[in-house]
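**Q** Here it is, the structure in full.
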Amino acid sequence: MAQLHQIIQYLYNHPILWVYQLIQWVLDKLLAPAPPPPHAKLSRPKIAIIGAGLTGVSSASHCVGHGFDVTIFEAGDRSKLGGIWSRVNNTSGLQIHSLMYRFHPSIRWNSGYPDRKQIVSQITELWKRYNLEERTKFNTHVTNVKKDPLGRWIINNPSNGRFDGVIAAVGTTGDPKMPHIPGQEKFKGDIYHSSELDGKDAKGKKVIVLGGGASAVEALEFVTAEKAEKTKILARSEKWIIPRNPLIDMLLALNIFGEETWLSWIPENLLRIFFYRDLSDLSPPKKGLFTDTPMVNSDVLEQVRSGKAEWLRGDILGFEENGIRFNLRAQGVPKGGPGKEIFVDGDLCIMATGYQRPSLSFLPDEVFKEPYSPPNWYLQTFPPEHMSICANNCTYVNAIGTVGNYHIGIYTRFLLMFLTDPLTRPQERLMKLWIDMTRWLKSKAPGGAFDFFTYSELIWWFCFVIVINPFRWKWAFFVLFGIGGSFAHDVVRKEDVLREKIGYDTNGSYSDD
């Protein structure tokens, strides 16, 4: 009776969260593939997955959930499971709503904006649920991916086995960037990178944050929680900030063109009027919203309004004993342009200078040849020379929309479809034709066709690539939703029998091996 009372009380106090939990339960039951039993012998195609972060674990779970074998190669030890989320601060969390960060159907978020601990726990739970421990090789740094004479992939050397496909899941954030700034050794206070703030003390201090991106937002959240006296964010470039509101974020991602259009001034001006309001001078005057990944946060501008923080635009000239010399630029003046030199005093400096991008240099040399080098690949993820390589979530540059979401599974299932069904495989010339077509459609995009996209554009890419090849139609529900795989496999078997009767080679289909 007491337990029933607690449930009723919870439903009464948290009705929206309860509905969200119910939705997640339904998605799990409908779309999550069943985990294989421990030590199960899975079939080909066999996939090598490079990286045990969020994307690598999610990709692997989709593969084994649909009956295909995988091996995950992780450069770090067991503590690095979870990728970047295993290394950031405990105060770090999602800036976008967790509805837009459902990297697997079985994920169960307990809040709209989960913290690092909950994110890592969900990645770990997924890894355990799909029995990936026995398929993960830690402390294995991948330096070389090449084909053997039979066309199967070798990871570093033959002792690691041979694979039909490769998923590169190294992500976009590697080791912290720590640039040296002139006079840095003079500074009397502490200097930390934004990724190493756990256990640090900022209470009552004047804090200087170098950088104006997502890392700067996380640093501001940390010093706010620590009750710093004042925080000054020194940003070199102008970057859009959008509200931490899932409805607004989704509406912005509905721009299917994936670039600035003649209507882009509408959301940009609405943001200036209703979100920036009295701080419109902090909004980028010339940079379009659909050219760069915006920061998603509603507290930054409130901190500035309250006087607890200042957002200064300009160039760092050098450290002094008690602060930084800074060239303060007016709105619209480019980096290195004229401004007023000021002194920014501080007791603590946080280098919110981001992370180095992990290298894909372990992939074959031919995939980096211009004009089809990353991110200019088929669906931005498959190099035209090798449709059996999927660089999942590690080739994008900028975007608006969901981040670690369902597209991880969609890209993984595209690869499984290509490997399983020879008739669905894209030819190199057609992959390049699709890339050229996308470039032509986005010829006016300032950063290039693949340097920025919206989530709606991504869905358009997926649907188009399925529709243009009738042999992929039977796979549509499998690729997009992870269901209907058995039906597609049955059709492939019948197609193989028919092709064998009329003399066509059926080699390359792994559904029965």
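**Q** Take the residues of the stretch 37-76 that are at pLDDT below 95 and among the charged types (D, E, K, R): which is surrounded by the most Cβ atoms within 10 Å (Cβ to Cβ)?
**A** Within the stretch 37-76, the match that is surrounded by the most Cβ atoms within 10 Å (Cβ to Cβ) is Arg44.
**Q** Taking the stretch 439-469 on its own, how many of its residues are part of a loop (DSSP other than H, G, I, E, B), of a type outside the set (Gly, Ala, Ser) and free of Cβ contacts under 8 Å to residues at least 12 places away in the same chain? Please lay out each step first, then the result.
**A** Of the stretch 439-469, the ones part of a loop (DSSP other than H, G, I, E, B) are 442-451, 468-469.
Applying the additional criterion that residues be of a type outside the set (Gly, Ala, Ser) yields 442, 444, 446, 450-451, 468-469.
With the extra rule that they be free of Cβ contacts under 8 Å to residues at least 12 places away in the same chain, the set shrinks to 468.
Going through the stretch 439-469 one residue at a time, the tally reaches 1.
**Q** Return the total of residues in the stretch 467-484 being on the phi > 0 side of the Ramachandran plot and at pLDDT 95 or above.
**A** 1
**Q** Which condition breaks for Asn131 when tested against (1) assigned to a loop (DSSP other than H, G, I, E, B); (2) without any contact (Cβ under 8 Å) to a residue 12 or more places away in the chain; (3) not assigned by the TED database to the domain that holds Ile233?
**A** Going through (1) assigned to a loop (DSSP other than H, G, I, E, B); (2) without any contact (Cβ under 8 Å) to a residue 12 or more places away in the chain; (3) not assigned by the TED database to the domain that holds Ile233 one by one, Asn131 breaks only (2).
**Q** Pick out the one residue from Gly151, Gly174 that is under 27 Å from Ser61 (Cβ atoms), assigned to a loop (DSSP other than H, G, I, E, B) and open to solvent by less than 30 Å² (accessible area, probe 1.4 Å).
**A** Result of the check over Gly151, Gly174: Gly174.
**Q** Exactly one of (1) over 23 Å from Lys442 (Cα atoms); (2) among the polar types (S, T, N, Q); (3) within 22 Å of the chain's Cα centre (by Cα) is unmet by Thr293. Its number?
**A** So Thr293 meets the others, but not (1).
**Q** State the number of residues belonging to the stretch 315-336 that are in contact with an Asp or Glu (Cβ under 9 Å, 6 or more places away or on another chain) and either of a type in the set (Gly, Ala, Ser) or not assigned by the TED database to the domain that holds Lys206 (or both).
**A** Total meeting the criteria: 4.
**Q** Of the residues in the stretch 356-371, how many are more than 17 Å from the chain's Cα centre (by Cα) and open to solvent by less than 30 Å² (accessible area, probe 1.4 Å)? First the steps, then the outcome.
**A** If we filter the stretch 356-371 for residues that are more than 17 Å from the chain's Cα centre (by Cα), which is where we start, we get 361-371.
Those still in the list that are open to solvent by less than 30 Å² (accessible area, probe 1.4 Å) too: 362-364, 367.
Selection size over the stretch 356-371: 4.
**Q** Would you say Gln95 is in a helix (DSSP H, G or I) and under 18 Å from the mean Cα position of the chain (by Cα)?
**A** Values: in a helix (DSSP H, G or I): no; under 18 Å from the mean Cα position of the chain (by Cα): yes.
It is false that Gln95 is in a helix (DSSP H, G or I) and under 18 Å from the mean Cα position of the chain (by Cα).
**Q** Please indicate, with yes or no, whether at least one residue in the stretch 262-285 is in a helix (DSSP H, G or I), open to solvent by less than 20 Å² (accessible area, probe 1.4 Å) and in the same structural domain as Val209 (by the TED database).
**A** So far as the stretch 262-285 goes, no, none of its residues is in a helix (DSSP H, G or I), open to solvent by less than 20 Å² (accessible area, probe 1.4 Å) and in the same structural domain as Val209 (by the TED database).
**Q** Something else about it: Among the numbered conditions (1) in a loop (DSSP other than H, G, I, E, B); (2) open to solvent by 20 Å² or more (accessible area, probe 1.4 Å); (3) in the same structural domain as Glu221 (by the TED database), tell me where Leu197 comes up short.
**A** Failing condition for Leu197: (2).
**Q** Suppose we keep only residues that are more than 21 Å from Val403 (Cβ to Cβ) and of a type in the set (A, V, I, L, M) within the stretch 286-307. Which one would you say is surrounded by the most Cβ atoms within 10 Å (Cβ to Cβ)?
**A** Leu301
**Q** Among what's in the stretch 117-141 and is in contact with a strand residue (DSSP E or B) (Cβ under 6 Å, 6 or more places away or on another chain) and closer than 23 Å to Gly409 by Cα, pick the residue that is surrounded by the fewest Cβ atoms within 10 Å (Cβ to Cβ).
**A** Taking the stretch 117-141 and keeping what is in contact with a strand residue (DSSP E or B) (Cβ under 6 Å, 6 or more places away or on another chain), we get 120, 123, 135-137, 140.
Then keep just the ones that are closer than 23 Å to Gly409 by Cα; that gives 120, 123, 135-137.
Numbers: Val120: 19, Ile123: 26, Arg135: 18, Thr136: 20, Lys137: 15.
Ranking the candidates gives Lys137 first.
The values are calculated or read from the model by the stated rules, or taken from the named source; none is laboratory data. Note that the structure is a prediction, hence the values are computed from the model and not measured. Please note: Cβ atoms are built from the backbone with ideal geometry, for glycine as well, and neighbour counts cover all protein chains shown. Accessible surface areas use protein heavy atoms only, side chains included; no ligands, DNA or RNA. Shrake-Rupley method; radii C 1.70, N 1.55, O 1.52, S 1.80 Å.
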